[in-house]
1. Looking at (1) acidic (D, E); (2) outside any strand (DSSP E or B); (3) at negative phi, which is the only condition D12 fails?
2. With the requirement that a residue be under 12 Å from the mean Cα position of the chain (by Cα), in contact (Cβ under 8 Å) with a residue 12 or more places away in the chain and not in a loop (DSSP other than H, G, I, E, B), what does region 52-71 give you?
3. Can you find, within region 15-38, the residue that is farthest from the chain's Cα centre (by Cα) among those that are not in a helix (DSSP H, G or I) and not charged (D, E, K, R)?
4. Looking at this structure, is E68 of a type outside the set (A, V, I, L, M, F, W, C) and surrounded by 12 or more Cβ atoms within 10 Å (Cβ to Cβ)?
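The values are calculated or read from the model by the stated rules, or taken from the named source; none is laboratory data. The shown structure was predicted, so the numbers you read here are calculated from the model rather than taken from an experiment. Every residue, glycine among them, receives a Cβ derived from its backbone with ideal geometry; neighbour counts consider all protein chains shown.
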Amino acid sequence: MKILALERPVPDVADEAFTPDLLREEASRAWDLHQSGKLRELYFRADRTEAVLVLEAEDLSSARRVLEQLPLVSRRLIDFELVPLVAYPGFARLFGDR
């Protein structure tokens, strides 16, 4: 199942918590998860500095466990809203009962 993960800030987290070493660790772990196929796509929003991830997971609980492997998530510096996705069924209207 594809899961869309939208970053949401955690209240009262200071910018100083995001040290260069921690951000490098985050990037390294994201790379590992990407290479494993669990983290399919990684983006930042164009309108604000928040991540948008596409994960491949069995369910929302599995996706949450994948995200918990990221240092910023495990240290509770960021969080994610998880949105389960399904394929668009509307094309069936174009082809009827074929």
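1. Unmet condition: (3).
2. If the condition is that a residue be under 12 Å from the mean Cα position of the chain (by Cα), in contact (Cβ under 8 Å) with a residue 12 or more places away in the chain and not in a loop (DSSP other than H, G, I, E, B), then V52, L53, V54, L55, E56, L60, A63, R64, V66, L67 are the ones that fit.
3. So the residue we want is T19.
4. In short, no.
Table: residues versus (1) of a type outside the set (D, E, K, R); (2) out of contact with any Asp or Glu (no Cβ under 9 Å at 6 or more places or on another chain); (3) at pLDDT below 95.
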site	(1), (2), (3)
A5	yes, no, no
V13	yes, yes, no
S28	yes, yes, no
F44	yes, no, no
R48	no, yes, yes
A57	yes, yes, no
R64	no, yes, no
L67	yes, no, no
S74	yes, no, no
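Residue-by-condition table, conditions (1) farther than 16 Å from L4 by Cβ; (2) surrounded by 11 or more Cβ atoms within 10 Å (Cβ to Cβ):
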{"position": "D21", "(1), (2)": "yes, no"}
{"position": "E25", "(1), (2)": "yes, yes"}
{"position": "R29", "(1), (2)": "yes, yes"}
{"position": "L33", "(1), (2)": "no, yes"}
{"position": "K38", "(1), (2)": "no, yes"}
{"position": "L42", "(1), (2)": "no, yes"}
{"position": "V54", "(1), (2)": "no, yes"}
{"position": "R64", "(1), (2)": "no, yes"}
{"position": "R76", "(1), (2)": "yes, no"}
